[in-house]
Amino acid sequence: MAKKVSVIGAGNVGATCADVLATRNVASEVVLLDIKEGVSEGKAMDIMQTATLVGINSRVTGVTNDYAATANSDVVVITSGIPRKPGMTREELIGVNAGIVKSVVENVLKHSPNATLIIVSNPMDTMCYLAAKISGLPRNKVLGLGGALDSSRFKYYLSQALNANPNDIEATVIGGHGDTTMVPLTSLATCKGVPVSQILSKEKLEEVAAATKVGGATLTGLLGTSAWYAPGAAAASMAESIIKDQKRVIPCGVLVQGEYGEDDMVIGVPIIVGENGCEKIIDFPITDAEKEAFKASAVATRKVNQILKDTGVL
């Protein structure tokens, strides 16, 4: 059966996501939508002109603010919103991006009421919480990018420390998608099945975890804006696991209902991602210190969520 993925927002992250989806032939149809005239159309055309070069069989189209073109999408990736600038926190984006995300979700669901939503917009956990609350969708159908991206960065920093192939590394980040709230699970990280704690010193592992936490801010400082290759690819990998029912274990933001001791909030936890979105939340055996860090992350995330309520968005 033909599958369709729509990407809302044709900025750097959205366009990269669409490109990865097309290059990997994840869906037969990929729609790229943006509010700026010509941007999504131009980027879709540019992607399609690589078809004979990289073996694309998907059809990528771009539209300007025409949500009818996204009708009957199986997955919708929402990247809309303003990106971070150097010195900005993700939380500082909440005022502008909350209104954007709310409007996008409402428009998307008019045409694709059964779609699974992947939220990329920052502050991601809070924007995903907003989408989960206003969409009326079951919690398995609204996922946040955070953990997928942060875990990829964690693997990168571990591979640098180990001088190893990052594809040989298994590592997970849970908690909020924030510079101070994410929780790299150093206790469970492995390289070819060997715990990295047996290879790297405690001090080096702490250094890797710290670098992971500010991985986004590091790139923002270098680039002058938010990163896009890894975020776009991470969102595409989540969509691929849904479209192809791969049932991959991916840490994602999801509305927890008692899992990991938290309730009524979106926070990153390891889940099985398949055709039904979040098919199961997995209870990883984490250390007491990691449990405390996760709890602190939840407290900080709730404070940001409260802004939605204080400002009347929710």
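The values are calculated or read from the model by the stated rules, or taken from the named source; none is laboratory data. Please read these numbers as outputs of a predicted model, since none were measured by experiment. Cβ placement follows ideal geometry from the backbone for every residue including glycine, while neighbour counts extend to all protein chains displayed. The protein model used for the area step is the full one, side chains on, heavy atoms only, and it has no ligands, DNA or RNA in it. Shrake-Rupley method; radii C 1.70, N 1.55, O 1.52, S 1.80 Å.
Numerical summary
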| item | result |
| --- | --- |
| Pair list, Cβ under 9 Å, 6 or more apart: segment 72-100 residue open to solvent by less than 60 Å² (accessible area, probe 1.4 Å), other residue assigned to a helix (DSSP H, G or I) and at pLDDT below 80 | G81/L93; R84/R90; R84/E92; R84/L93 |
| Residue tally, condition in a strand (DSSP E or B) and under 22 Å from the mean Cα position of the chain (by Cα), over segment 63-77 | 3 |
| Selection status of T52, surrounded by fewer than 17 Cβ atoms within 10 Å (Cβ to Cβ), at pLDDT 95 or above, β-branched (V, I, T) and in a helix (DSSP H, G or I) | yes |
| Residue check for L33: open to solvent by less than 10 Å² (accessible area, probe 1.4 Å), more than 15 Å from I242 (Cα to Cα) and either touching a residue at least 12 places away in the same chain (Cβ under 8 Å) or in a loop (DSSP other than H, G, I, E, B) (or both) | yes |
| Test set (1) farther than 20 Å from V120 by Cβ; (2) in a loop (DSSP other than H, G, I, E, B) - M45 fails condition number | (2) |
